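Data first, discussion second: the structure below is written as structure tokens.
The values are calculated or read from the model by the stated rules, or taken from the named source; none is laboratory data. Please read all numbers here as calculations on a predicted model, not as lab measurements. Positions of Cβ are generated from backbone atoms using ideal geometry, with glycine treated the same way; all protein chains shown enter the neighbour counts.
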Amino acid sequence: MTLEHTLSQKTIEALQSLYGASIEKVSFEKTNPDFEGDLTLVVFPFLKVSKKKPEDTATEIGNYLENNLAEIASFNVVKGFLNIVIADSFWLNYFKSINGRSFIKPAPENAPVVMVEYSSPNTNKPLHLGHVRNNLLGFSVSEILKAAGNKVIKTNIVNDRGIHICKSMLAWQLFGNGETPASSGMKGDHLVGKYYVEFDKQNNIEALNLLHTTNRNKVNNLSIEDSVKLVQFELGDEKINNMMVNYHLSKSTPEENKALLEFFKNKTPLMQNAQDMLRKWEAGDKDVRALWETMNGWVYDGFALSYKMLGVDFDKIYYESNTYILGKNIIEDGLAKGVLKRRPDNSVYADLTAEGLDEKTLLRSDGTSVYMTQDLGTALERAKEVNFDKHIYTVGNEQDYHFKVLFLILKKLGYKWADELYHLSYGMVELPDGKMKSREGTVVDADELMDEMIATAKKTAEELGKAQDLDEADKEHLYKTVGLGALKYFMLKVDPKKKMLFNPSESIDFNGNTAPFIQFNYVRICALLRKAKEGLLNFEDVDVFTHNIHLLPKEKELLVKLHGFDAVLKQAAAELNPSLIANYVYDLAKEYSQYYHETNILKESEKDLIMFRLQLSNTIGIAIKSGMGLLGIEVPERM
């Protein structure tokens, strides 16, 4: 039973004893720093039953609690606020129960099963900055849920099929000259991504050529109809037709020109060849499938290196090339049940208009699948494999509508487990100069970002003299630990729901709310404990609780902070919010930093106090390491 629960129960008892009132729930809040106390009870809601002034009511309740709870040292009343001071004996007993022990407990055998999906990369390009936040968030949420008493299964769905994959494959066939990761020295995902960008460049050129052809036809006074025939287009869209008329009459706006270019990009010979390759892939063409397996293999090798550097892993990986077929089977079942409908052009859709959504297409008229098709299949496969209690999709808020539709369709199809699906929607990552672009090779590459963070950590550490006493191997490990820790902490200290601005130069700072500051204070604790042991102070084997320890105000603050670890962990798990852990650990490190500077530890004259303060420092170090571990961040022992 927690302290807050004990106080609440005893307060309910006080209200019954003093005023004959039956109150079901009472809550305390942290005392305002301007007043003495640890916890505060607001008594205004109880004035109706006490029929007394706020000050008198608070005093009577305070007296009852002080007389009936050994945990209470004293109390004071400020108008209608009852401020409770918790006795040192309580904090010392609490410290005795946690001293030197881990803050993370293994999940019980009958723990709820939670699946957490994150990463979800495409096999046509390397991971980028957006993937970094996704992976770090998904991994940290998994660790937090595990620490909060759940059995967690970390999953990844790889987008390994579709037109975007075929674009890379076709560009490699046309322009690659047999280049491989081995021959080029490039990571496989970077090599494939290079040809995805190349496809886009070449396709733009073809689209512009078509526009220029249309322009020449206009100059030569050809009719619009003849121009269309000449460039071999079938313009069935009335909006596009109107744009073409304006284009010929030199009245088209920049927006219309841009739309025309996008239209032409979808009609180029290069795009037609890519779509033909996709049809061959779905038909099982041996040559296309062989190339697909080879290039995807290059990408998987590249991803593995990125995941290892980032420090994330998965228990199960799914591939859309398998699950989209299952999705088609679900759709056939939905048609048979009358839940889904077929249009005259043979496409299949779910009518969600009654729920305020739209008619969601699930199969195209030619029978090919869409993203929703494979997501339906993936969900069903997971539900069959694992009897989960909750399934969390870690995906950016740009896909909010997609998941509303996915969950609703699964419910309409009668899957009871659909009620346990949850979209962990997070804000996009932006850079100081604006939003990232997802095409044309302009995104921030994850591998390059990690290398840059490590290099910046090296430069900063060398300037501050943080690594001068380490050998080369330990220096390199330190730079990696600090650099990647700075990246992870900067990404995770922001509430997931919020859009975040990532500025690498702000993340590596040994002062302020950063990982390097927290890491440095952990190193400080390790150095203190080493120095104590070198002086033969075996603090771990001493029972300091047999002695009369008088807590300093800062020591009490630290114990109060340690006492809050479990509550913060539970809240972070309930809200799927690692930023609560990040900011808790920062506050703990900041409080300890002040304590370290203000307090004699090894130079204290009383040996019992030395031992107590060393044990307190050790336990705070354990809490810092535990909290950072939940964020996937390593803490070094030396700097």
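Couple of notes before you dig in:
- Selected residue (criterion: surrounded by the most Cβ atoms within 10 Å (Cβ to Cβ)) from residues of the range 457-497 that are charged (D, E, K, R) and without any contact (Cβ under 8 Å) to a residue 24 or more places away in the chain: Lys475
- Selection within the range 16-31: residues that are surrounded by 16 or more Cβ atoms within 10 Å (Cβ to Cβ) and in contact with a strand residue (DSSP E or B) (Cβ under 9 Å, 6 or more places away or on another chain). The member of this set that is farthest from Ile84 (Cα to Cα) is Val26.
- Once the range 306-326 is narrowed to residues that are of a type in the set (Ser, Thr, Tyr) and assigned to a helix (DSSP H, G or I), the residue that is modelled with the lowest pLDDT is Tyr324.
- Yes/no for Phe95 being within 22 Å of Lys561 (Cα to Cα) and buried (at least 19 other Cβ atoms within 10 Å of the Cβ): yes
- Residue list for the range 57-68, restricted to those being touching a strand residue (DSSP E or B) at 6+ places or on another chain (Cβ under 9 Å) and not polar (S, T, N, Q): Ala58, Ile61, Gly62, Leu65, Glu66
- Yes/no for Glu262 being outside the structural domain of Leu129 (by TED's automatic domain parsing), surrounded by fewer than 13 Cβ atoms within 10 Å (Cβ to Cβ) and closer than 17 Å to Asn159 by Cβ: no
- Here the range 167-182 is the region considered, the condition is being touching a Phe, Trp or Tyr at 6+ places or on another chain (Cβ under 8 Å) and part of a loop (DSSP other than H, G, I, E, B), and the residue that is surrounded by the most Cβ atoms within 10 Å (Cβ to Cβ) is Gly176.
- Inspection of the range 567-584 finds a residue satisfying the criterion of being in contact (Cβ under 8 Å) with a residue 24 or more places away in the chain, under 20 Å from the mean Cα position of the chain (by Cα), in a helix (DSSP H, G or I) and closer than 23 Å to Thr460 by Cβ.
- Under the condition of being surrounded by 18 or more Cβ atoms within 10 Å (Cβ to Cβ), out of contact with any strand residue (DSSP E or B) (no Cβ under 6 Å at 6 or more places or on another chain) and more than 23 Å from Leu145 (Cβ to Cβ), the residues counted in the range 391-432 number 1.
- Val197, sole failed condition from (1) more than 25 Å from Phe490 (Cα to Cα); (2) modelled with pLDDT of 95 or more: (2)
- Extreme residue, surrounded by the most Cβ atoms within 10 Å (Cβ to Cβ), among residues of the range 33-57 that are touching a Phe, Trp or Tyr at 6+ places or on another chain (Cβ under 7 Å) and of a type in the set (A, V, I, L, M): Leu41
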